[in-house]
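Everything below concerns the one structure shown next.
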Amino acid sequence: MRVLYLLNVSNSSQLSADSGYTFADLLAPALTDAGAEVTVASPVPVGDPRVHFAPTTSPVTKYRARFDPGVDALVTLMRERQPEVVVANQIEAAPAIRAALLEAGVDALIAGYCHYLPFSFTDTGVLELDPAMDDRGLGRSVLLAFAAGLAACDRVLVHSSTAASWTTAAAARTGVDLGNKLHIVPAPRDVRLVRSPDDILPPQGRATGIYNHRLYKHYGTARFTQLARRLVANAPVRLTVMDLFGARSSERIRLDPSPERHLEELATTDGVTIASDRGDRIRYGNLLADAHFGIAPFRPGCPWSMSVIDCQAMGLPVIGPRTGWLAEHIDNELLFDTDEQAVRITERLATDAEFYLLHAKRAFASTADLTPAAVAARYLEAVR
């Protein structure tokens, strides 16, 4: 099977902060091991030399990635690579991919991977647009482009049951019938970030928590900052906050300056340490190993989080708000609705060794089926 994997890399200067790239870097070699001939069309190649590379230009903004897929370049790519399966990591590009296949005279299946959803649903079923995709009111257009992409796909792959439910509901509201196209294929865990819980020691009355998510406003960073202050003041806890971006371009700052503002605020909070992996996954693993637990993002539209999986694969219990995929995936004893509940959970993790080790084992076990080989098998089954 010849697979052409179209990858939009949004952070080519900070690949460790680009979960889509990390996903491809793990999955493409596993697909190759399973017998597929894989070409990744991307601004940067994945690490395995067995995976073919077709260089593409990184879009200047997140909106260009959705509204300007470059049909001319796609037609050329289809003619050169003659794929049997095209993976659209940017769902909104699927209609252009379909048009390019027609023009190139190539008959290929289009598999759209919903790596990111530009919407979410409240507990009462209200559809909410993701504010990260709603600058100057563009959110509705992004939603409709996403729906058009779903309609153009032969297969639609999502990370989780929550994502499947939301995607199905959004498709129905925009007149798209997914039929039997939808498949749940979770993301693989990073083989460099796996540690047996048997090697973990419980904290001795004081615990270090790690927050390893992007500091955008729409990730609920203000809400996390509020909790961070409460935890370091009222629980035997110190926090490490990851600076995943470093110095961003002026264009990205102009579109959304919230990460810089939140980072400055967190850096001046007693009990909070800012850390960077400097783009090194081994250093990142060491930072996780020095922590005792992780904290999930407060993003309402969270259909999946690679950073949460990173922590759990390292045997770190993750606490999180009772919302979205987090409520589906994280152990119920580690979910909270209020800051008071979060403080009590972290106090227990810090002081109750039996409770801590139990949840370290549960965290690790929750990633057992996420090896790259297992995920690749599910991926290939979905696109056959």
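The values are calculated or read from the model by the stated rules, or taken from the named source; none is laboratory data. The structure presented is a predicted model; accordingly, all values stated were derived computationally and were not measured. Cβ atoms come from the backbone with ideal geometry, glycine included; neighbour counts cover every protein chain shown. Keep in mind that these areas ignore ligands, DNA and RNA; they rest on the heavy atoms of the full protein, side chains included. Shrake-Rupley method; radii C 1.70, N 1.55, O 1.52, S 1.80 Å.
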* Out of segment 106-115, which residues are open to solvent by 20 Å² or more (accessible area, probe 1.4 Å) and either in contact with a Ser or Thr (Cβ under 8 Å, 6 or more places away or on another chain) or free of Cβ contacts under 8 Å to residues at least 24 places away in the same chain (or both)? -> D107, H115
* Structure fact -> Only one of (1) in contact (Cβ under 8 Å) with a residue 60 or more places away in the chain; (2) within 22 Å of L157 (Cα to Cα) does not apply to T61, and that is (2)
* **Which listed residue, of R261, R283, R254, is within 29 Å of I200 (Cα to Cα), of a type outside the set (A, V, I, L, M, F, W, C), part of a helix (DSSP H, G or I) and without any contact (Cβ under 8 Å) to a residue 12 or more places away in the chain** => R283
* Asked: Which one of the conditions (1) modelled with pLDDT of 95 or more; (2) in a loop (DSSP other than H, G, I, E, B); (3) among the β-branched types (V, I, T) does I110 fail to meet, given that it meets all the rest?
  -> (2)
* Structure fact -> Cβ pairs under 6 Å, 6+ apart or interchain, first in segment 202-231 and closer than 20 Å to P259 by Cβ and touching a residue at least 60 places away in the same chain (Cβ under 8 Å), second of a type in the set (A, V, I, L, M, F, W, C) and assigned to a loop (DSSP other than H, G, I, E, B), ordered by first then second residue, are I210/A291; R214/L244; G220/F298; T221/L215; R223/F298; F224/F298
* Structure fact -> Within segment 208-225, residues being assigned to a loop (DSSP other than H, G, I, E, B) and open to solvent by 20 Å² or more (accessible area, probe 1.4 Å) number 2
* Are there any pairs with C-beta distances below 9 angstrom linking a residue in segment 68-79 that is more than 15 Å from Y5 (Cα to Cα) and assigned to a helix (DSSP H, G or I) to a residue that is at pLDDT 95 or above and among the β-branched types (V, I, T), with the two at least 6 apart or on different chains, and if so which? -> V71/I97
* To do: State yes or no: is T32 part of a helix (DSSP H, G or I) and β-branched (V, I, T)?
  => yes
* Asked: What number of residues within segment 299-331 are in a helix (DSSP H, G or I), over 15 Å from the mean Cα position of the chain (by Cα) and either among the hydroxyl-bearing types (S, T, Y) or more than 26 Å from P202 (Cα to Cα) (or both)?
  -> 0
* Candidates A170, A151, A228 - the one that is under 30 Å from A108 (Cα atoms), in a helix (DSSP H, G or I) and open to solvent by less than 50 Å² (accessible area, probe 1.4 Å) -> A170
* **Hits in segment 124-148 (condition: in contact (Cβ under 8 Å) with a residue 40 or more places away in the chain and not in a helix (DSSP H, G or I))** => G125, L127, E128, D130, L138
* Does V185 meet the test of being at pLDDT 95 or above and out of contact with any Leu (no Cβ under 9 Å at 6 or more places or on another chain)? -> no
* To do: Filter segment 274-318 down to the residues that are among the charged types (D, E, K, R) and modelled with pLDDT of 95 or more, then identify the one that is least open to solvent (accessible area, probe 1.4 Å).
  => D310
* Asked: When segment 256-268 is examined, which residues are found to be exposed (fewer than 15 other Cβ atoms within 10 Å of the Cβ) and either hydrophobic (A, V, I, L, M, F, W, C) or modelled with pLDDT of 90 or more (or both)?
  -> R261, E264, A267, T268
* Structure fact -> Listed by first then second residue, the pairs whose first member lies in segment 351-364 and is touching a residue at least 40 places away in the same chain (Cβ under 8 Å) and under 20 Å from A296 (Cβ atoms), whose partner is in a helix (DSSP H, G or I) and open to solvent by less than 70 Å² (accessible area, probe 1.4 Å), with beta carbons under 7 Å and at least 6 positions apart or on separate chains, are Y356/L349; H359/L334; A360/P197; K361/P197; A363/Q312; F364/P197; F364/Q312; F364/A313
* Among the residues listed as E333, E354, E381, the single one being more than 26 Å from S196 (Cβ to Cβ) and surrounded by fewer than 23 Cβ atoms within 10 Å (Cβ to Cβ) -> E381
* Does any residue of segment 54-65 turn out to be touching a Ser or Thr at 6+ places or on another chain (Cβ under 8 Å), closer than 23 Å to R378 by Cα, among the polar types (S, T, N, Q) and at pLDDT below 90? -> no
* Asked: Is it the case that V46 is in a loop (DSSP other than H, G, I, E, B), open to solvent by less than 20 Å² (accessible area, probe 1.4 Å) and either among the aromatic types (F, W, Y) or without any contact (Cβ under 8 Å) to a residue 60 or more places away in the chain (or both)?
  -> yes
* under 22 Å from D25 (Cα atoms), among the small types (G, A, S), surrounded by fewer than 17 Cβ atoms within 10 Å (Cβ to Cβ) and touching a helix residue (DSSP H, G or I) at 6+ places or on another chain (Cβ under 8 Å), is that true of G271? -> no
* When segment 346-384 is examined, which residues are found to be at pLDDT 95 or above and part of a loop (DSSP other than H, G, I, E, B)? -> D352, S366, T367, A368, D369, L370, T371
